[in-house]
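Report on the structure given below.
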Amino acid sequence: MIIQTIHTQKPYPVYIDNGLLSHAGITFAERLPDLVSKSVVIISDSNVMPLYGQIVAESLQDAGCRVSTYEIPAGETSKNWSLLGELLEHLTNLQLTRSDYLVALGGGVVGDLTGFAASIYLRGISFLQIPTTLLSAVDSSVGGKTAVNLKTGKNLAGTFWQPKAVLCDTDVFDSLPREVFLDGVAESIKYGIIGDHALFQDILHGGLKYKCTEIVASCIAMKGNIVAEDEFDRGTRELLNLGHTFGHAIELLSHYKISHGHAVAIGMDMAAKTAARLELCSRDCCNEISDALTRLGFSLNCPYSMKDLFQVMLQDKKRRNNIIDLILPYAIGDCKIYPITLDQLKEVLST
Ligand code: GLY
């Protein structure tokens, strides 16, 4: 088992290995002795609960916890204000106290919703993350961003609330549909492009299949370092948004029919092309990124006009007056924050 420590204000471990789910309870309890004898609510969705709810519940019971479960419908639409309210009411009906725990068992939707509930229930209780998609393992389960969507956009209400521990069983990725696995591949290779050329090569050459635990650990280590430097997303953490400014616009224009990872893959390709046009990186670097994404299975055709993309990018959460921070590759393994004016961006997109 690999254990990465995330050095936020309150550091916490991330356990990564195959076959971990059935030992989840004792693995958590070794570092969190207070967990034993606590009430624990496992929150999962209608896809994941039938697959893994029981095995996780039993392992927590074996560790001494009183366990109950709460199922939400699978899908992004569950990340909403009214479902969050229902969950909080349910926790009060259970008389869950401040010293008890929530467990997020699932992908990003479950993790973000559970984390948000944990951060506001009784003004904050502990929670644990058990990501069951590659995407949530390498991204949303670590770093403490919680959210629900508003009618006006994705993740527009949320908090920073770090989990007490994260447990990532790499065996569960075997059951993911190909397209869902690919979502995670995009977020994984993102780390290679941001800061680790060797990781980029490993993922390109199938490392997520033959040494998944090691690769996932490397991605989490990089995210952990960035989060430790900028827990509340005021600077360096923006690097994690490589491909996301374009990607979010694509997701929104597609009404979320293009999934996050696929949109981010197109977005990383656009970021590379933008960097090449601005002569920040070489054409070879840009082509290497595009070729890698294509070889990994992504279609990089953006079905929307640059004009439409630009309009949506104006709503970017991180826009400051007429500046948007793009994350651009200067080389593979070396990305930087590049503040660009709206006029400049419009010009680059139209060339
Ligand atoms: N998903 C980007 C971040 O955690 O900051």
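Just so you know, all these numbers are worked out from the coordinates, no wet-lab data involved. Just so we're clear, the structure is a prediction, and the values are computed from it rather than from any experiment. Here the Cβ positions follow ideal geometry from the backbone for every residue, glycine too, while neighbour counts run over all protein chains shown.
All C-alpha to C-alpha distances of the range 9-145, sorted into 10 Å bins beginning at zero, yield P(r) values of 12, 48, 36, 4 percent in whole numbers.
Take the Cα of ASP174, go 7 Å toward its beta carbon, and the backbone nitrogen atoms of the range 14-54 under 12 Å from that spot belong to 18-20. Calculated [222 nm] ellipticity per residue, helices only, for the chain: -13000 deg cm²/dmol; basis is -39500 (n - 2.57) per DSSP H run with n ≥ 4, divided by all residues, nearest 500.
The equivalent ellipsoid that matches the C-alpha gyration tensor of the range 167-217 spans semi-axes of 18, 12, 10 angstrom, in descending order.
So for the chain, averaging the separation of alpha carbon pairs under 8 Å that are six or more residues apart and normalising by length, what relative contact order in percent results?
The value is 15 percent.
Taking amide H atoms as placed 1.01 Å from N in the peptide plane, the amide H of ARG66 lies under 5 Å from those of SER37, LYS38, SER39, VAL40, each 5 or more residues away in sequence or on another chain.
Answer rounded, prolate or oblate for the chain, using the Cα gyration tensor with square roots of eigenvalues a ≥ b ≥ c: rounded when a/c is under 1.5, else prolate when a/b is larger than b/c, else oblate. Since a/c reaches 1.5 and a/b is larger than b/c, the shape of the chain is classed as prolate. Projecting label points 7 angstrom from Cα along Cα→Cβ for ASP230 and LYS346 puts them 2.7 nm apart. Averaging the sequence gap over all C-alpha pairs within less than 8 Å and six or more residues apart, then dividing by the number of residues, gives the range 57-138 a relative contact order of 26 percent. By definition, a body whose alpha carbon gyration tensor gives a ≥ b ≥ c is oblate when a/c is 1.5 or more and a/b is not larger than b/c, and the range 242-321 fits this oblate description. Across the range 128-165, the residues whose backbone nitrogen lies under 14 Å from the label position 7 Å along the beta-carbon direction of GLN9 are 144-145, 159-163.
Taking a straight Cα-Cα cut-off under 24 Å and skipping sequence neighbours fewer than 8 places away in the same chain, the lysines within cross-link reach of LYS346 are LYS154, LYS273, LYS307, LYS317, LYS318, LYS336.
Counting only cysteine Cβ atoms and a cutoff under 4.7 Å, the chain contains unmatched residues CYS65, CYS168, CYS212, CYS219, CYS286, CYS302, CYS335. Packing around the peptides 147-158, 212-223, 46-57, taken as the average count of other Cβ atoms within 10 Å per residue, puts them in this order, highest first: 212-223, 46-57, 147-158. Mind checking which lysines have their Cα closer than 21 Å to the Cα of LYS164? Skip sequence neighbours fewer than 8 apart in that chain. Hits, sequence-local ones excluded: LYS10, LYS38, LYS145, LYS223.
From the square roots a ≥ b ≥ c of the eigenvalues of the alpha-carbon gyration tensor of the range 124-163, which class results: rounded (a/c under 1.5), prolate (a/b over b/c), or oblate? Here the range 124-163 falls in the oblate category.
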